[in-house]
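Okay, structure first, notes after.
Just so you know, all these numbers are worked out from the coordinates, no wet-lab data involved. Keep in mind that this is a model prediction, so the values were computed, not measured. All Cβ positions, even for glycine, are placed from backbone atoms using ideal geometry, and neighbour counts span all protein chains on display.
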Amino acid sequence: MAGARLTISSRNYSSWSLRAWLFCQLAELDVEVESVPTDDPGNRAELLLLSPTVLTPRLDHKGASIWDTFAIAEYLEEEFPKKGLLPLEKKARSHSRSIIGEMHGGFYNLRSALPMNLRARYPGFRVFTGAKGDIRRVLTIWGECFDKYGGPWLFGDAPTLADAMYAPVCTRFVTYDVALEGKAAEYRDRVMAWAPMQQWIEEAKAEPIEIEELDIEF
């Protein structure tokens, strides 16, 4: 269905824009993507983690305008209930919403210490103590999902909103050379090879935006 517009900030730096775009791909919603100029104060505030209240990403669809990533996910799940954005079984749906909400509202140390930067690579990067706790929690969440639902995605055979929500974490693990093993490493690689992720990453590589604060040498 055409006629939808997704307003984003940066493909390279914005984890929230990536999540919203992946949500749309799961819903099979054809969206026109529009980027906010880099000199927009709200755009920079989001990318530099200076403001928790921003208007990107924003989805405009059928007269509705939705600007919070969690709200976009809920809107698309309601609008496209047959697309499997959440698990069908009630307990699994509740579990999925819980880990989506945890990512939406937490993991600040991980975000601030390992900002998303798809074009960068930092071999041997030293993760500080606060972020290590967030990483352990992410891996615990993944492990519980694999044990309970059997993989290869967090809730079974196909990607859902939860996988889209945790996809930017996979990019951070690659960018900052975070060592993973076993099912966690396999899952990271699966997410990174996911066709919508590959499309986004290729477009990020071509993006002219550079933000000095996020491209410093660690």
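Structure above, values below:
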item: Intensity falloff of the stretch 90-200 expressed as log10 I(q)/I(0), Debye formula with alpha-carbon point scatterers, at q = 0.16 Å⁻¹; result: -0.71
item: Long-range amide H partners of ALA4 with built H, under 5 Å; result: GLU32
item: Cα centroid separation - the stretch 160-200 against the stretch 107-157, whole Å; result: 9 Å
item: Principal axes of the stretch 82-132: Cα extent on each, largest first, Å; result: 41, 24, 16
item: Cα-based equivalent ellipsoid of the chain: semi-axis lengths in Å, sorted from largest, via gyration tensor; result: 24, 24, 15
item: Farthest toward positive dipole pole in the stretch 70-128 [+1 Lys/Arg, -1 Asp/Glu at C-beta], among ALA120, ALA73, ILE100; result: ALA120
item: Kirkwood hydrodynamic radius of the stretch 59-110, Cα pairs, Å; result: 12.3 Å
item: Under Karplus coefficients 6.51, -1.76 and 1.60, residue-wise ³J(HN,Hα) of the stretch 60-73 in Hz, glycine/proline x; result: 10, 7, 6, x, 8, 10, 10, 10, 9, 4, 4, 5, 4, 4
item: Lys pairs under 29 Å by Cα in the chain, provided they are eight or more residues apart or on distinct chains; result: 19
item: Net charge of Cβ neighbours under 15 Å - reference ILE66; Lys, Arg +1; Asp, Glu -1; result: -3
item: Computed over the stretch 75-218: relative contact order in percent, which uses C-alpha pairs under 8 Å that are six or more apart; result: 29 percent
